[in-house]
Amino acid sequence: MYHDNIFTRIIAGEIPCDKVYESEYTLAFKDIAPKAPTHILVIPKGKYVDFSDFTARASADEMTDFYRSVARVADEKLPGGHRIIINTAKDGGQEVPHFHAHILGGRTLGPKIVQE
Ligand code: AMP
């Protein structure tokens with residue numbers, strides 16, 4: 001179940017963000033704690049907890065707009081290459097329970113998963 005969170009407030013305009021791109025259904029903004037020289041978050045404006053929730057409940061227009069927005073921002077901001085990450089739930093390291101994709105790049109990125 002969706003519970004309002006920091007991204008809900010960003011979408012509502014109650015908290016500022018460093019906006020990169022906006023469309024009817026989608027918002028992209030810079031991550032507040034970047035893990036690479038360029039680190040952008042892309043979120044649907046609708047209330048979806050994670051990838052599965054979005055895929056199950058979003059309309060075709062919302063999904064098309066979201067995935068095209070991710071591709072557009074990634075290709076425009078990081079034409080030399082990038083990594084797109086979607087974390088899900090506790091084991092996936094998801095901290096904010098509003099579906100989002102991370103776009104990372106700006107340098108050669110390291111190993112995909114660090115073994116502990
Ligand atoms: P995740 O761990 O996949 O849920 O990622 C959540 C991301 O949201 C983290 O990379 C945070 O740095 C980022 N974040 C949290 N609050 C904000 C905020 N107010 N503005 C921009 N990014 C944020």
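Here is how the numbers come out for the structure above:
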{"quantity": "All positions within the range 47-95 that are crowded, with 18+ Cβ neighbours inside 10 Å, aromatic (F, W, Y) and within 15 Å of the ligand (Cβ to nearest atom)", "calculated": "Y48, F54"}
{"quantity": "So L104, is it in contact with a Phe, Trp or Tyr (Cβ under 8 Å, 6 or more places away or on another chain), more than 17 Å from Y2 (Cα to Cα), within 12 Å of the ligand (Cβ to nearest atom) and not in a helix (DSSP H, G or I)", "calculated": "no"}
{"quantity": "Condition check for K112: at pLDDT below 95, out of contact with any strand residue (DSSP E or B) (no Cβ under 6 Å at 6 or more places or on another chain) and either loosely packed, with under 13 Cβ neighbours inside 10 Å or hydroxyl-bearing (S, T, Y) (or both)", "calculated": "yes"}
{"quantity": "Candidate set: the range 11-28, residues that are free of Cβ contacts under 8 Å to residues at least 24 places away in the same chain and surrounded by 19 or more Cβ atoms within 10 Å (Cβ to Cβ); chosen: the one farthest from the ligand (Cβ to nearest atom)", "calculated": "L27"}
{"quantity": "Cross-chain or 6+ apart pairs with Cβ under 6 Å, the range 76-98 first and under 19 Å from Y48 (Cβ atoms) and free of Cβ contacts under 8 Å to residues at least 40 places away in the same chain, then small (G, A, S) and more than 8 Å from the ligand (Cβ to nearest atom)", "calculated": "I84/A101; I86/A101"}
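The values are calculated or read from the model by the stated rules, or taken from the named source; none is laboratory data. What you see is a predicted model, and the numbers here were worked out from it, not measured in a lab. Neighbour counts run over all protein chains shown; Cβ positions are idealised from the backbone, glycine included.
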